[in-house]
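Report on one structure; see the data block that follows.
The values are calculated or read from the model by the stated rules, or taken from the named source; none is laboratory data. Note that the structure is a prediction, hence the values are computed from the model and not measured. Note that we place each Cβ from the backbone using ideal geometry, even for glycine, and neighbour counts take in every protein chain shown.
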């Protein structure tokens, strides 16, 4: 649930025969090798099309002509067409060579890309090097056969790509009739870039106060920047026509600071000029510290300190947030970036890529993937990353500030340390007791918040516009993320939070994003939602629904999420206007058991997903409760987790006595403090509990079944503590059936139907795959 995902593919599965001879003349006079799809199948003259993994194809016809197309039922999904060159044709081959592709221009937006197995830089081969230049290949939606030419300057063709390929073609919906390798470009290649008519795309617009952000087209080197800009240029008109307001681009430290203190902004200047030409805004995603962002002069050089895991004691390539050297470089980079770009007029919001594998306000959380593309595989996994010398020193400092002396720490932890110099971060299995573990986890999370504050402070010194913290994951202790406090931090600096963990299922998306939404409402931070990777066409509308009923400021999609399939784009065009400013009215909160999660694991989300199918609600964590989050809450539901600090239980009890309603199931377990005091339970649910003007509704049964959820629905639908509108919202839904409801304003119910069949709610028909508004 973090960062971008790329498919890791197995070895070659199947190779199509090349025994046929080409039946049509080639466009090049100096052909080296060629391939064509004929009515009888693939015909190769020195080039073979490969089939398997993420390159599964099938024969097809477009505009009456035979071609190769992606196989729709392939798993993993087909994303490329792979080709190999016969050994006899590439013997002694030296670049440059030119690749001509005949493709069908089926849909508007984007371009056909070519990556080839190259000689690389020096002795290191680069199997997926983008073509250095291209003519044509832009998708205009003309529904005609077109040609594109690509320059490959340093071909190695050592079968280094997936399936043993030498080059591959990429586009969301790819139809290819022929490919030809030549020693010289065709005479007419310059004409291939001439403007051609673009098929009209129905216009779509979200609300005027909303941001719709498209991600993609990011260079991984200066070499690939030109191609990425061309691809974005090709897609910009379509982006504008369907209501995309901004493009998000990764701004990598290593692409901007080739020498210490020497900045080269030429790569991103090209993007800025593009934004100005097309009237797009920019969301620069600043990446400083992740492995793929490190300049060569800093990577494992003097001053570098990577995170060190507690599980193995090994160092990662991701720079540690406790490193003083990193903070110095970060402050200077932020200043230089802001001074260069803040007056360009194109910045929508600056997105802060705090740390971790991808650039989020969480610690290292995944294995090796595309982030290893610069320096190779590195030590990385989910776990705790607090073992470097700077982290150890900081942990000792903070514990020394919390406890007056080592005797007090030992008394709290049940330990026998001789001094603060003996303590060091530990894993859960090695923690002396629960209090010791919470002290460690609280410090771990606070360290992330402190480093995030450092980012915000430095941005605000040089830039006064919108800024967002990028965060992700599902908030287990090892991620070090407290979404509530991240929203509080953002609000302090007039900023917001981007949460990057959505997919296609509404219940799952709600469970993962609602903490950010709830805390954003409470503290006054704006927020936006982003997918972690793939979004299926049927997931486009649920993401819009989640954003609009949460009143998110922004909604992010990666380019393939909308443009990879016609159905996805159709769904966006149909429903984009639903994403507009709304006033969520959410009086019911579900307790987010923050302390319990730290002590155990995060099993909370599964409970939430079932209940969301019954009615809408917000989250309240321990931190939010401490900051007064109960004041605009009328009912508090407990789903899972029975351990909290005494201050949390005291705040809940006080709120109930002042008129609040708390709902609880015996299966949760008796409420207690970290030290085991169960008096908070008796204060709320014991015989003769003094509840003042409030009440406690207790269910005598398990907390994880439909019976408890029915009890909650029945109790809340009749609860006088709630407004009439909220009671109606619960009563009109109140069932687990794939139809969801939210209350916006005081009189509007928004219904989402994910069942695949028509439904009827509050006197209105709710078609399948649709959103309907009903009044109260």
Given the conditions (1) in contact (Cβ under 8 Å) with a residue 40 or more places away in the chain; (2) touching a strand residue (DSSP E or B) at 6+ places or on another chain (Cβ under 9 Å); (3) in a helix (DSSP H, G or I), which single one is not true for residue 573? (2)
I'd like to verify a number: residues in the range 181-194 that are within 14 Å of residue 146 (Cα to Cα) and touching a strand residue (DSSP E or B) at 6+ places or on another chain (Cβ under 6 Å), how many? 3
Among the residues of the range 59-79, are any within 23 Å of residue 152 (Cα to Cα), modelled with pLDDT of 95 or more and in contact with a helix residue (DSSP H, G or I) (Cβ under 8 Å, 6 or more places away or on another chain)? no
Unmet criterion (only one of (1) in contact with a helix residue (DSSP H, G or I) (Cβ under 8 Å, 6 or more places away or on another chain); (2) in a helix (DSSP H, G or I)) for residue 527: (2)
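Has the range 671-692 got any residue that is part of a loop (DSSP other than H, G, I, E, B), touching a residue at least 60 places away in the same chain (Cβ under 8 Å) and in contact with a strand residue (DSSP E or B) (Cβ under 7 Å, 6 or more places away or on another chain)? Show your work before the answer.
We begin by selecting, within the range 671-692, every residue part of a loop (DSSP other than H, G, I, E, B); these are 671, 673-678, 686-692.
Next cut, touching a residue at least 60 places away in the same chain (Cβ under 8 Å) only: 674-675.
Those left that are additionally in contact with a strand residue (DSSP E or B) (Cβ under 7 Å, 6 or more places away or on another chain): 674.
Taking every residue of the range 671-692 in turn, at least one turns out to be part of a loop (DSSP other than H, G, I, E, B), touching a residue at least 60 places away in the same chain (Cβ under 8 Å) and in contact with a strand residue (DSSP E or B) (Cβ under 7 Å, 6 or more places away or on another chain).
Of all residues in the range 733-763, how many are assigned to a strand (DSSP E or B) and either surrounded by 14 or more Cβ atoms within 10 Å (Cβ to Cβ) or out of contact with any strand residue (DSSP E or B) (no Cβ under 7 Å at 6 or more places or on another chain) (or both)?
Taking the range 733-763 and keeping what is assigned to a strand (DSSP E or B), we get 739-744, 748-753, 759-761.
Retained after the next criterion (residues that are either surrounded by 14 or more Cβ atoms within 10 Å (Cβ to Cβ) or out of contact with any strand residue (DSSP E or B) (no Cβ under 7 Å at 6 or more places or on another chain) (or both)): 739-744, 748-753, 759, 761.
So the count comes out to 14.
So which of 498, 435 ends up being in a helix (DSSP H, G or I) and touching a residue at least 12 places away in the same chain (Cβ under 8 Å)?
435
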Counting only residues that are over 23 Å from residue 66 (Cα atoms) and under 30 Å from the mean Cα position of the chain (by Cα), which one in the range 159-196 is surrounded by the fewest Cβ atoms within 10 Å (Cβ to Cβ)? 160
Within the range 471-492, take every residue that is surrounded by fewer than 24 Cβ atoms within 10 Å (Cβ to Cβ) and touching a strand residue (DSSP E or B) at 6+ places or on another chain (Cβ under 8 Å) and give me the one that is modelled with the highest pLDDT. 489
In the range 106-122, anything free of Cβ contacts under 8 Å to residues at least 60 places away in the same chain and either within 30 Å of the chain's Cα centre (by Cα) or not in a strand (DSSP E or B) (or both) is listed as 114, 115, 116, 117, 122
Taking the range 693-706 and the residues there that are free of Cβ contacts under 8 Å to residues at least 40 places away in the same chain, assigned to a loop (DSSP other than H, G, I, E, B) and out of contact with any helix residue (DSSP H, G or I) (no Cβ under 6 Å at 6 or more places or on another chain), the one that is farthest from residue 588 (Cα to Cα) would be 705
What single numbered condition from (1) buried (at least 20 other Cβ atoms within 10 Å of the Cβ); (2) farther than 22 Å from residue 630 by Cα fails to hold for residue 730? (2)
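Could you check the range 707-730 and list, in sequence order, the residues that are assigned to a helix (DSSP H, G or I), without any contact (Cβ under 8 Å) to a residue 60 or more places away in the chain and either more than 23 Å from residue 542 (Cα to Cα) or not assigned by TED's automatic domain parsing to the domain that holds residue 665 (or both)? Full working, then the answer.
We begin by selecting, within the range 707-730, every residue assigned to a helix (DSSP H, G or I); these are 707-717, 724-730.
So of that shortlist, the ones also without any contact (Cβ under 8 Å) to a residue 60 or more places away in the chain come out as 707-708, 710-711, 714-715, 717, 724, 727-728.
Scanning the range 707-730 gives 707, 708, 710, 711, 714, 715, 717, 724, 727.
Kindly evaluate residue 685 against the criterion of being surrounded by fewer than 19 Cβ atoms within 10 Å (Cβ to Cβ) and more than 38 Å from the chain's Cα centre (by Cα). Can you show your working first?
Numbers: surrounded by fewer than 19 Cβ atoms within 10 Å (Cβ to Cβ): yes; more than 38 Å from the chain's Cα centre (by Cα): yes.
It is true that residue 685 is surrounded by fewer than 19 Cβ atoms within 10 Å (Cβ to Cβ) and more than 38 Å from the chain's Cα centre (by Cα).
Can you work out which of the residues in the range 142-158 that are part of a loop (DSSP other than H, G, I, E, B) and closer than 27 Å to residue 66 by Cβ is modelled with the lowest pLDDT?
To start, the set of residues in the range 142-158 that are part of a loop (DSSP other than H, G, I, E, B) comprises 142-144, 153-154, 156-158.
Remaining after also requiring closer than 27 Å to residue 66 by Cβ: 142-144, 157.
Numbers: 142: 87, 143: 91, 144: 94, 157: 96.
Checked the range 142-158; the qualifying residue modelled with the lowest pLDDT is 142.
Return the residues of the range 330-344 that are more than 26 Å from the chain's Cα centre (by Cα) and either closer than 29 Å to residue 369 by Cβ or touching a residue at least 12 places away in the same chain (Cβ under 8 Å) (or both); say none if nothing qualifies.
Just the residues of the range 330-344 that are more than 26 Å from the chain's Cα centre (by Cα), to begin with: 332, 335-336, 339-340, 343-344.
Scanning the range 330-344 gives 332, 335, 336, 339, 340, 344.
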Starting from residues that are surrounded by fewer than 18 Cβ atoms within 10 Å (Cβ to Cβ) and in contact with a helix residue (DSSP H, G or I) (Cβ under 6 Å, 6 or more places away or on another chain), keep the ones in the range 332-351 and report whichever is nearest to residue 215 (Cα to Cα). 344
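What tally of residues in the range 449-462 results from selecting those that are more than 13 Å from residue 333 (Cβ to Cβ) and over 21 Å from the mean Cα position of the chain (by Cα)?
The first filter runs over the range 449-462 and keeps only residues more than 13 Å from residue 333 (Cβ to Cβ), leaving 449-453, 456-457, 460.
From what is left, the residues that are over 21 Å from the mean Cα position of the chain (by Cα) are 450, 453, 457, 460.
The total comes to 4.
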Filter the range 413-432 down to the residues that are assigned to a helix (DSSP H, G or I) and under 23 Å from residue 445 (Cβ atoms) and list them by number. 413, 420, 428, 429, 430
